[in-house]
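Here's the structure, in structure tokens; my notes come after.
The values are calculated or read from the model by the stated rules, or taken from the named source; none is laboratory data. For clarity, every value in this text was computed on a predicted model and none was experimentally measured. Glycine also receives a Cβ, built like all others from the backbone with ideal geometry; neighbour counts cover every protein chain displayed. These accessible areas exclude ligands, DNA and RNA; they are computed on the full protein's heavy atoms, side chains included. Shrake-Rupley method; radii C 1.70, N 1.55, O 1.52, S 1.80 Å.
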Amino acid sequence: QKTNICYLSFPDSYSGGLGDTQFSFRLRQSGGQRSAPYEDDGEYNREAPLTLQREAAHYFGYVYFRQVKDSSMKRGYFQKSLVLVSRLPYVNLFQSLLQLIAPEYFDKLEPCLEAVCNEIDQWPPPVPGQTLNLPVMGVVIQVRIPSRVDKPGSSPVKQFNQENLLPAPLVLPSIHELDLFRCFQPVLIHIQMLWELVLLGEPIVIMAPSPTVSSEMVLALTSCLAPLRYCCDYRPYFTIHDSDFKEYTTRTQAPPNIVVGVTNPFFIKTLQHWPHILRVGELKMSGDLPKQVKVKKLAKLRTLDTKPGIYTSYKTFLHKDKTLIKRLLKGIQRKRPSEVQSALLRRHLLELTQSFIIPLEHYIASLMPLQRAITPWKNPPQIRPFRQEDFMKTLERAGPQLTCVLKGDWLGLYRRFFKSPNFDGWYRQRHKEMTQKLEALHLEAICEANIVAWMKDKSEVEIVDLVLKLREKLVRARCQHLPVKEETLQRVSLYIETIIGSLPEDLQAVLHHH
């Protein structure tokens with residue numbers, strides 16, 4: 001793991017650029033225990049948006065790299081990286097933090113880091129929905145941690161209470177959102193195609209001139225499904241020294257479902273069997289629409305001086321959205337700031353994803369048993385199975401066309417989506433939530449029931465069985481943090497005590513002991 005982190009902390013191909021650069025990577029946790037060491041993980045992950053959950057099996061790395069001429073060094077250059085490793089995907093917060101710390105660290109070395117770590121140790125844990133003030137090196141960074149109940153697409157709340165903080169805090173408008181307009185500059189006219197590829201979990205390679213461009217493009221792509229969670233693997237920056245290198249470059253099996261960002265020209269040769277390769281140049285913000293890359297045949301990818309382009313034979317299911325490009329062009333002519341253009345782009349992608357996902361949400365909600373079918377003394381009824389053909393039939397009257405003007409083969413897109421890890425991840429998440437809801441409704445039904453009447457004609461065996469079942473339900477409700485009111489749980493505990501009290505003393509003793 002340490003070796004991987006070291007290789008990922010430096011640009012792996014010669015970049016003549018001197019000065020400071022920042023980029024990110026994501027790393028599979030190798031071996032050891034998979035369980036998260038944090039006590040509050042469960043609570044944080046239940047309240048955070050799915051896209052910002054702590055990952056149990058991956059780390060994120062945030063890098064600040066400095067390369068300057070220095071004649072006192074053997075190689076003639078000062079080359080150093082400061083890396084922050086976290087399980088949280090807060091790219092803006094951690095990169096802003098590095099901008100404060102790294103330049104100081106390169107000057108003053110270890111003592112500076114020690115002081116910073118002492119300050120960070122005092123920071124409160126991230127609680128979804130809260131605004132935090134985080135002091136470091138004489139600056140207070142102010143951020144709001146997003147919550148699952150935030151309305152998708154609502155802009156971060158501007159209610160930052162300054163509380164007379166002196167000096168005025170450094171306010172980050174978002175903890176994780178990238179400048180999408182800047183990241184997607186060379187591919188704005190292909191946004192639709194890229195969105196489909198990401199939605200379907202297709203294997204994509206980003207070939208970029210630097211780790212900065214590579215990691216930003218990968219993170220931008222994987223974020224463009226929000227609020228749907230991208231459930232495949234992704235590597236914002238990847239080097240030839242990585243321990244997963246063999247797995248990604250082998251020709252004996254199909255490429256994995258992953259978006260991977262690379263900068264070393266060597267990958268042009270080793271990854272040319274991948275189905276979708278996006279080659280981008282340096283990102284330069286200019287006054288007009290940046291040069292848009294063209295879609296090209298994969299066969300053209302043979303040479304080392306490969307031109308920028310999207311090398312794929314993929315045909316999109318949906319037609320292109322001309323209005324988006326027109327609006328972005330108008331924004332460029334009117335010199336709208338990048339964040340306004342980004343907001344436009346983000347809203348477009350959000351509406352597209354919602355149009356696609358709303359019919360699925362409607363259908364899956366219809367699989368939930370009726371509330372009146374939930375009775376206290378029987379196990380709760382099962383959630384009905386998801387049948388793809390039944391879902392397809394609902395699309396005629398309640399499909400994406402209700403909320404989206406885009407024409408095209410929506411049915412074909414759904415069929416392909418059912419085969420992707422993103423569908424699997426979405427379905428499992430929903431199924432889990434519905435199962436917990438059923439459990440909660442069942443507990444409430446038990447609370448409403450007349451337990452004494454039920455016990456009248458029951459044998460001791462049946463009553464003991466009920467006690468054990470109710471106890472198990474209580475434990476589960478507490479462990480899984482089911483959406484149940486505390487008073488409901490207390491009433492069930494009281495029930496159990498009442499039932500035990502009605503039994504012969506020898507049984508009471510056994511059950512209390514049990």
Modelled label reach - Gln480, point 7 Å along Cα→Cβ, the stretch 424-458 residues with backbone N closer than 12 Å: 431-443
List Arg87, Arg46, ordered by accessible area with a 1.4 Å probe, largest first: Arg46, Arg87
Greater than 31 Å apart at Cα, pairs in Lys74/Lys108; Lys2/Lys269; Lys74/Lys284; Lys407/Lys432; Lys296/Lys322: Lys74/Lys284; Lys407/Lys432
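Rounded to the nearest 500 deg cm²/dmol, what is the calculated helix-only ellipticity per residue at 222 nm for the chain, with -39500 (n - 2.57) per DSSP H run of length n ≥ 4?
Per the formula, -13000 deg cm²/dmol.
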Inter-label distance, nm, simple model (7 Å from Cα along the C-beta direction), Lys307/Phe418: 4.1
Net length gained if the chain between Arg75 and Glu448 were fully extended (0.36 nm per residue, minus Cα distance): 126.5 nm
Cα pair distances exceeding 30 angstrom across the chain, given as percent: 58
Nearest-0.05 FRET efficiency for Cys117 and Lys322, computed from C-beta distance (R0 56 Å): 0.60
Calculated on alpha-carbon atoms, Rg and Dmax of the stretch 208-364 in Å: 17.4, 52
Cα centroid separation, the stretch 413-486 to the stretch 111-129 (Å): 40
Nearest-10 value in Å² for the accessible area of Phe317, using the 1.4 Å probe: 40
Accessible solvent surface per residue of the chain, calculated while the other protein chains remain in place, 1.4 angstrom probe, Å²: 52
Virtual spin-label span in nm between Glu497 and Leu395, 7 Å along Cα→Cβ: 5.6
Extension gain (nm, one decimal) between Gln382 and Ser366, 0.36 nm per residue minus Cα-Cα: 4.5 nm
Proximal charge balance of Leu349 [Cβ under 13 Å; K/R count +1, D/E count -1]: -2
With all protein chains modelled, accessible area of Asp409 [1.4 Å, Å²]: 70
Accessible-area value, Glu47, 1.4 Å probe, nucleic acids and ligands omitted, Å²: 80
For the stretch 358-401 and the stretch 171-238, distance of Cα centres in Å: 33
Of all accessible heavy-atom area on the chain, the percent that carbon and sulfur account for (1.4 Å): 55
Asp409 versus Arg46: modelled label distance in nm, points set 7 Å from Cα along the beta carbon direction: 4.4
Extension gain (nm, one decimal) between Leu507 and Gln429, 0.36 nm per residue minus Cα-Cα: 24.0 nm
Whole-number D in µm²/s for the stretch 450-513 (Stokes-Einstein; Kirkwood sum over Cα pairs; 37 °C, 0.692 mPa s): 263
